[in-house]
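Below: one structure, written as structure tokens.
Please treat every number below as a calculation from the coordinates, not as lab data. Just so it is clear, the model here is predicted, and its values are computed rather than measured. Ideal geometry is used to build each Cβ from the backbone, glycine not excepted, and the neighbour counts take in all protein chains shown.
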Amino acid sequence: MPGRFYLTAPQAEVSAFARADLPPLAPRLNIAPGEEALALTAGGPTTMRWGMIPVGRTNARGRPVMDTLVNARSETVFDKSAFAGVQRAVVPMNGWYEWTGEAKRKTVWRLRPKSGDVVGFASVFDIWNGPGGVKVPQFATLTCAPNTDVRDIHHRIGVILMADQVQDWLSGDEETARALMRPLPDGLLKIEKADDVDLAYVGH
């Protein structure tokens with residue numbers, strides 16, 4: 001499941017995927033949890049923080065749980081109270097990174113579509129109401145069971161949407177959305193060890 005991703009495609013390709021004119025985008029090789037990222041919503045493109053403080057989560061003492069959720073399981077996201085009232089978003093990207101191996105000896109893998117196309121993570125979002133009236137748009141990417149491309153690297157994969165699926169995810173009914181929450185078909189991903197340029201950004 002994505003822990004870091006990147007968006008380095010030319011502006012025109014990202015705008016075509018979004019079907020919208022976008023503000024200037026700088027290439028980003030390492031988008032990490034807690035950072036803002038481009039997100040597409042039914043109301044248009046915007047930026048949001050990656051990581052949700054979910055509603056209604058409390059600890060054993062009944063106090064709010066403030067830990068952020070970066071990823072959410074697609075199988076249960078529409079059924080859990082922690083995600084009550086969320087809306088849908090798509091987060092454009094070129095690819096993402098996964099790690100295998102033991103601590104301090106991890107191998108970093110770069111995963112991306114063989115086509116080179118911009119694709120998107122199916123996501124959910126809401127607005128967190130913080131102290132002092134602060135409002136923070138926030139999203140979590142959705143995950144599902146892996147396809148055979150990814151199975152040896154990770155037990156989950158992000159729900160990946162192609163350009164022609166974006167509007168169905170954003171504006172379709174729940175049945176339509178659930179039908180999209182499935183692994184990417186086998187054979188569409190290129191998986192390779194990250195090179196030195198990547199490692200300088202994402203670390204080990």
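What ³J(HN,Hα) values, in whole Hz, does the Karplus curve 6.51 cos²θ - 1.76 cosθ + 1.60 give for the stretch 173-182 when θ = phi - 60°, with x put for Gly and Pro?
6, 4, 4, 5, 5, 4, 5, 8, 8, 9
Going by the alpha-carbon gyration tensor, a ≥ b ≥ c the square roots of its eigenvalues, is the stretch 73-125 rounded (a/c under 1.5) or, if a/c is not under 1.5, prolate (a/b greater than b/c) versus oblate?
It comes out oblate by the Cα gyration axes.
Determine the dipole magnitude for the chain: charges of +1 sit on the beta-carbon of Lys and Arg, -1 on that of Asp and Glu, nothing else is charged, the reference point is the Cα centre, and the result goes in debye to the nearest 20.
Once rounded to the nearest 20, the dipole reads 680 debye.
Report the calculated FRET efficiency for A179 and K80 (r = Cβ-Cβ distance, R0 = 22 Å), to the nearest 0.05.
Computed FRET efficiency for A179 and K80 comes out at 0.65.
Provide the per-residue ³J(HN,Hα) series for the stretch 137-147, in order, calculated from phi with Karplus coefficients 6.51, -1.76, 1.60 and θ = phi - 60°, each as a whole number of Hz, with x at glycine and proline positions.
Couplings: x, 9, 9, 10, 7, 9, 10, 8, 4, x, 8 Hz.
Can you give the FRET efficiency for D186 and V136, using 1/(1 + (r/R0)^6), R0 = 35 Å, r = Cβ-Cβ distance, to the nearest 0.05?
On the way: r = 38 Å, r/R0 = 1.07.
The calculated FRET efficiency here is 0.40.
Semi-axes of the equivalent ellipsoid of the chain: what are they in whole Å, largest first, if each equals the square root of 5 times a C-alpha gyration tensor eigenvalue?
Those come to 25, 21, 18 Å.
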